[in-house]
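The values are calculated or read from the model by the stated rules, or taken from the named source; none is laboratory data. Owing to the predicted nature of the structure, the values given are computational and were not obtained by experimental measurement. Backbone-built Cβ (ideal geometry, glycine too); neighbour counts: all protein chains shown.
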């Protein structure tokens, strides 16, 4: 799936470009303000946090020094096209403008910039926000953010509405307080797993070949 097609799917679902685009986008005095206004237009949300917006702009500029220039180009295009239907507007964007739009939308939904790495100790990802990440909004009325529970201790013992469940044991509260017994020692990591963590291998199969499948790492 290419980027333009992905943007079109987001558009079809009403996620992006669902608020009016005004001519003030291109004429915003401060780049941070321009970024905030463009973010509002692309995400379809007027209540974006300005503090998060400023941090996102700073991180995207650090990641790509040409970002302010490309943001200005996208803002100007959006302002010139305010009377167009969203689908026609998307079709009129250049590939560079599509990439810029996705560079803006993505961290608002994920809560971070860059690309987290699972096989290296360092990467170019930078945390921006957790609770305000837009990807959690669709189910916010049903599920809390996957962090510390917002419903108090032992919330899980309450039976959901419309569900019949057997009586819970009288000692159920003690279950949450029981801790597993401490390990007697720290086990040595498997060489194949260690090769992946250290970035010497990208897949488990590659890690096994690197360690000769013997576990000695040689």
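Data overview
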| read-out | value |
| --- | --- |
| Residue 207 vs. criteria under 30 Å from residue 56 (Cα atoms), outside the structural domain of residue 46 (by TED's automatic domain parsing) and at pLDDT 80 or above | no |
| Those residues of region 175-198 which are touching a residue at least 24 places away in the same chain (Cβ under 8 Å) and part of a loop (DSSP other than H, G, I, E, B), in sequence order | 190, 198 |
| Selected residue [surrounded by 10 or more Cβ atoms within 10 Å (Cβ to Cβ), on the phi > 0 side of the Ramachandran plot and at pLDDT below 80] from 213, 152 | 213 |
| In region 59-101, residue surrounded by the most Cβ atoms within 10 Å (Cβ to Cβ) [restricted to those that are at pLDDT 85 or above and in a loop (DSSP other than H, G, I, E, B)] | 64 |
| Residue within region 137-147 that is surrounded by 11 or more Cβ atoms within 10 Å (Cβ to Cβ), at pLDDT 90 or above and outside any loop (DSSP other than H, G, I, E, B) present | no |
